[in-house]
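Colleague: Mind having a look at this structure? Questions to follow.
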Amino acid sequence: MRSRRTRKALLTVPALAAFVLTSACGAGGLGATGSGNGAAGAGSGTTTLQQQAEFSKEPHQMLSATESAQVGWFVADAGGFALYRYDKDTAKPPKSNCDGECAKSWPPVLVGEHTMTSGVDPTMVGSVTRADGKKQVTLAGWPLYRYTGDKKAGDLTGQGKGGTWFAVTPEGKKAQAEDGAAPAQGSTGDGY
């Protein structure tokens, strides 16, 4: 297993390449200053690109391995927003069970024209057809979601919600706190 320092160094090159590719394709989303220094904010402990979240269909999706002091490694989108998996979904076979009111709080990550990865094995990325007919991105079979409660890049406010929602790791597993246990947050209901 690689050390965090080695893994972080290995992720820097693909992240920079993805940023350059994204910028070259015109799918930037960076502010008018064009600053993409990679910092989510002073003291946040998370490294991501600073872009505005768009929960609608995008011309591409980016799945990027990101590290946080709160949960370790997790996957973020092109805007640096955490992506989540839902324990009531299934991976084998892939099936999304978050529809209606659930999908309003937990918008599915829909398939765009391209799905790019940085620090995530592209062979683990797939899709599943939702009940509404739309295609949702999967990682290791698990459907991926964003959380509307996350207001800025690097937020992980959905972590442990309802005891069923967890940031997803680059391997498709549940992101856990450093001690290996999921953070204790109310486990009543479905977390939406």
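The values are calculated or read from the model by the stated rules, or taken from the named source; none is laboratory data. Just so you know, these numbers come straight off a predicted model, no measurement behind them. When we count neighbours, we look across all protein chains shown, and the Cβ atoms used for this are built from the backbone with ideal geometry, even at glycine. All accessible areas refer to the heavy atoms of the entire protein, side chains included, with ligands and DNA or RNA removed. Shrake-Rupley method; radii C 1.70, N 1.55, O 1.52, S 1.80 Å.
Colleague: So, in segment 64-110, how many residues would count as being assigned to a helix (DSSP H, G or I) and either under 15 Å from Thr157 (Cα atoms) or open to solvent by 50 Å² or more (accessible area, probe 1.4 Å) (or both)?
Modeller: 3
Colleague: Given the conditions (1) within 19 Å of Gln176 (Cα to Cα); (2) crowded, with 23+ Cβ neighbours inside 10 Å; (3) touching a helix residue (DSSP H, G or I) at 6+ places or on another chain (Cβ under 7 Å); (4) small (Gly, Ala, Ser), report the number of the one that Ala140 does not fulfil.
Modeller: Result: Ala140 fails condition (2) only.
Colleague: Conditions: (1) open to solvent by less than 20 Å² (accessible area, probe 1.4 Å); (2) not in a strand (DSSP E or B). Val128 meets all but one. Number of the miss?
Modeller: The single condition Val128 does not satisfy is (2).
Colleague: Mind listing whichever residues of segment 163-178 are outside any strand (DSSP E or B) and open to solvent by 10 Å² or more (accessible area, probe 1.4 Å)?
Modeller: Gly163, Thr164, Thr169, Glu171, Lys173, Gln176, Ala177, Glu178, listed by residue number.
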